[in-house]
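S.K.: Pasting in a structure now, in structure tokens, and then I'll have a few things to ask.
Read-outs: derived from the displayed coordinates by stated rules, not from any lab. These numbers were taken from a predicted model, which means no experiment stands behind them. Glycine gets a Cβ as well: all are built from the backbone with ideal geometry, and neighbour counts include every protein chain shown.
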Amino acid sequence: MKTFIKDDFLLYNDTARELFHQTAKDLPIIDYHNHLNQYEILENKNFDNISEVWLGGDHYKWRAMRANGISEDYITGNKSDYEKFLAWAKTIPNAIGNPLYHWAHLELLRYFDIDEVFNEESAPAIWEKANAKIKTSEMSVRSLLTNKKVEFVGTTDDPADDLKAHEALAKEDIGFTVSPSFRPDTALGIEKEGFIDWVRKLEQAIDASIENYDAFLDALANRVNYFDEHGCKSSDHGINVMFYEEATKQEVASIFSKRLKGEVLTQKEVEQFKTYTLVSLGEWYAEKGWVMQLHINPLRNNSTRMFRKIGPDSGFDSIGDQLLADKLSKMLDAMDINDKLPKTVLYSLNSRDNYVLATMAGNYQSDEVPGKVQFGTAWWFNDTIDGMEDQMKVLANTGLISNFIGMLTDSRSFLSFPRHEYFRRILCNLLGTWVEEGKAPKDMKLLETYVRNICYENAKRYFGI
């Protein structure tokens, strides 16, 4: 059976169709936040089969398979790649209404020219056809990116990483830029079991001892400089629960010393450390011209049993419901009061927070950078049709959607870039719907500017690419 993905997929009016086909469709991609493996880009890896590139590490798909009653052996276990592929084929017909259903068919069509509905019946032939193509040069990692007009890839990197892959990639003419992003969750996680071990790893990265908080801050500043020298444009912070607790540097130094001695910290002390450290980092980001991304309100590793069995980032996270407005305001203001608030993107996994983040962004704007503080794109569980439309409507209701920096994949998969097409179709349809409903003029020059900027130009300017 032929697929349902047609030229006008998700485009329900003439304005939407014109905006997508004449403007959005062929724009390059700035993917400023993802979890792609830079070493696979460096080696220009070819995958062994479609299952390896399609299912490996993709916890979105794993969750769906578990919801369909698939044994873990066929998800993260020791079953063959073909058996896992068939398990995915058994799952996808049950996923109508989930963006995975659309993404799966877009990926088959855009990367493999497979114009068929994916199910158990079609799976064997699709396996053969995809695998006949998978080892060709056009399916190498770099080709997968260049063929989708990806100009910029922002990976996610620990402060102690050596960035050797990025260093090597910068010396090659590969047709796009691979930039590290500074992800210091480990540096802020003073309450975590592995914190002291990580501090020792940081010592190795800077080749100096860290015996007090001043040395710790110096080490982080050293790594910010190192990342900046390697083309970093952005930091990224995963914040399960928003925090803010004022403290003096002397108080935080005492807290750090207690932790190094193995003493147990109070929740207040933990938040004091996190607050002082993040404010310091944010001020350094501002000096470098970096963007600070705050990903707030996930509830991670809910299943202790499966966390012990498989580990983190395996599909057992969900949406948190902690309130964030007051502490987020104080955190941003602590940097802004000294005019050292960096460009900042605010995301929450809980769509309940959409109006909070959209209006919070409006408090800290600048005449130097349009949209300096951004209400970020619909994230993770929200990058659905409804979620993306809602995020954009809230932004338009309370701010200026024209300055929106648009979509990212947040993905570990090299086949994830049709998500940008998905977003672009939804954006064009939303603008077209407003025109058809008489809420906006059919000024195609103006509307095309919106589309071009949101899909490409705004992010390119914002990240200084």
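S.K.: Based on the alpha carbons, how large is the Rg to Rh ratio for the range 46-136 when Rh follows Kirkwood? Walk me through the intermediate numbers first.
M.R.: Working: Rg = 12.1 Å, Rh = 13.1 Å.
That ratio is 0.92, to two decimals.
S.K.: Hey, another quick one. Once the mean 1/r over all distinct Cα pairs of the range 381-438 is inverted, what Kirkwood radius in angstroms do you read off?
M.R.: Details: mean 1/r = 0.0812 Å⁻¹.
Final number for the Kirkwood radius of the range 381-438 is 12.3 Å.
S.K.: Quick one: Cα convex hull volume of the range 216-374, Å³ per residue?
M.R.: Numbers: hull volume 23.1 nm³, N = 159.
For the range 216-374, the hull spanned by Cα atoms encloses 145 Å³ per residue.
S.K.: Rg and Dmax of the range 277-349, using alpha carbons, in Å: what are they?
M.R.: 15.7, 47
S.K.: Moving on. Let me see the P(r) profile for the chain: every Cα-Cα distance counted, bins of 20 Å, each bin given as a percent of all pairs.
M.R.: Distribution as computed: 23, 57, 20, 0 percent.
S.K.: Quick one: what Rg and Dmax do you get for the range 150-236 from the alpha carbons, in Å?
M.R.: Using the Cα atoms of the range 150-236, the pair Rg, Dmax is 13.9, 44 Å.
S.K.: Arranged from highest to lowest average of other beta-carbon atoms within 10 Å per residue, in what order do the peptides 33-46, 258-271 appear?
M.R.: On the way: 33-46: 18.4, 258-271: 14.0.
Descending mean neighbour count gives 33-46, 258-271.
S.K.: Right, here's the next one. Amide H of Ile296 versus every other amide H placed in the peptide plane: which residues, excluding those fewer than 5 positions away on the same chain, fall under 5 Å?
M.R.: Distant-sequence amide H within range of Ile296: Ile239, Tyr347, Ser348, Leu349.
S.K.: Per residue of the range 105-121, in order, report the coupling 6.51 cos²θ - 1.76 cosθ + 1.60 (Karplus, θ = phi - 60°) as ³J(HN,Hα) in whole Hz, putting x for Gly and Pro.
M.R.: Along the range 105-121, the couplings run 6, 4, 5, 4, 6, 6, 9, 10, 6, 9, 9, 9, 5, 8, 7, 4, 6 Hz.
S.K.: Still on this model: Give me Cys232, Cys428 ranked fewest to most by other Cβ atoms within 10 Å of their Cβ, as a rough exposure proxy. Write out the running numbers ahead of the final one.
M.R.: Details: Cys232 25, Cys428 29.
In increasing order of surrounding Cβ atoms, one gets Cys232, Cys428.
S.K.: Taking only Cα atoms of the range 128-193, what ratio of Rg to Rh do you get with Rh as the Kirkwood inverse-distance radius? Working shown, then result.
M.R.: On the way: Rg = 16.4 Å, Rh = 14.4 Å.
So for the range 128-193, dividing Rg by the Kirkwood Rh gives 1.14.
S.K.: Summarise the long-distance tail of P(r) for the range 45-200 by giving the % of C-alpha pairs beyond 19 Å. The partial results should precede the final answer.
M.R.: Working: 7751 of 12090 pairs.
For the range 45-200, the fraction of Cα-Cα distances above 19 Å is 64 percent.
S.K.: From the P(r) of the range 14-67, can you give the percent of Cα pairs sitting at distances over 17 Å? Walk me through the intermediate numbers first.
M.R.: Working: 913 of 1431 pairs.
Roughly 64 percent, once rounded to a whole number.
S.K.: To the nearest 20 debye, what is the magnitude of the charge dipole of the range 307-353 about its Cα centre, counting +1 on the Cβ of each Lys and Arg and -1 on the Cβ of each Asp and Glu?
M.R.: Here the size comes out at about 200 debye.
S.K.: Now, a different point. Does anyone have the angle between helix 123-134 and the longest principal axis of the chain? Alpha-carbon axes, 0 to 90°, nearest 10?
M.R.: Compared with the principal axis, the helix lies near 70 degrees.
S.K.: Oh, and also: Mind checking which aspartates and glutamates have their C-alpha under 19 Å from Lys201, skipping anything on the same chain fewer than 8 residues away?
M.R.: By straight Cα distance, Lys201 reaches Asp157, Asp158, Asp161, Asp162, Asp185, Glu191, Glu193, Glu211, Asp214, Asp218.
S.K.: Do any GluC sites (Glu not before Pro) in the range 103-202 lie in a loop, going by DSSP, with at most 10 other beta-carbon atoms within 10 Å of their beta carbon, and if so which?
M.R.: Numbers: sites: Glu107, Glu116, Glu120, Glu121, Glu128, Glu138, Glu151, Glu167, Glu172, Glu191, Glu193; in loops: Glu120, Glu121, Glu172, Glu191, Glu193.
In loop regions of the range 103-202 (DSSP not H, G, I, E or B), the sparsely surrounded GluC sites (Glu not before Pro) are Glu193.
S.K.: Continuing with the same structure: Around Ala440, which amide H atoms from residues at least 5 apart in sequence, or from another chain, sit under 5 Å from its own amide H, with H modelled in the peptide plane?
M.R.: Val435
S.K.: For a footprinting-style exposure proxy, rank Asp218, Asp228, Asp236, Asp173 by other Cβ within 10 Å, fewest first. Don't jump to the answer; show the numbers that get you there.
M.R.: Numbers: Asp218 14, Asp228 18, Asp236 24, Asp173 4.
Listing Asp218, Asp228, Asp236, Asp173 from fewest to most nearby Cβ atoms yields Asp173, Asp218, Asp228, Asp236.
S.K.: Return the percentage of antiparallel bridges among DSSP beta bridges fully within the chain, rounded to the nearest 5 %. Could you put the intermediate results ahead of the total?
M.R.: Values: 3 of 27 bridges.
For the chain, the DSSP antiparallel bridge percentage is about 10.
S.K.: May I pose another question? Could you derive backbone 3J(HN,Hα) for the range 352-366 from the dihedral phi with the Karplus parameters 6.51, -1.76 and 1.60 (θ = phi - 60°), listing whole Hz in sequence and x where the residue is Gly or Pro?
M.R.: Karplus values, whole Hz, x for Gly and Pro: 4, 8, 4, 5, 4, 5, 4, 7, 4, 4, x, 6, 10, 9, 8.
S.K.: Just list whichever of Lys61/Lys233; Lys233/Lys343; Lys393/Lys439; Lys61/Lys149 have alpha carbons separated by over 20 Å in the model shown.
M.R.: In this structure, Lys61/Lys233; Lys61/Lys149 lie more than 20 Å apart at Cα.
S.K.: Just to be sure I understand the model, the point goes 7 Å from the Cα along the line to the Cβ. What's the resulting Asp386 to Asn301 distance in nm?
M.R.: It is 3.1 nm.
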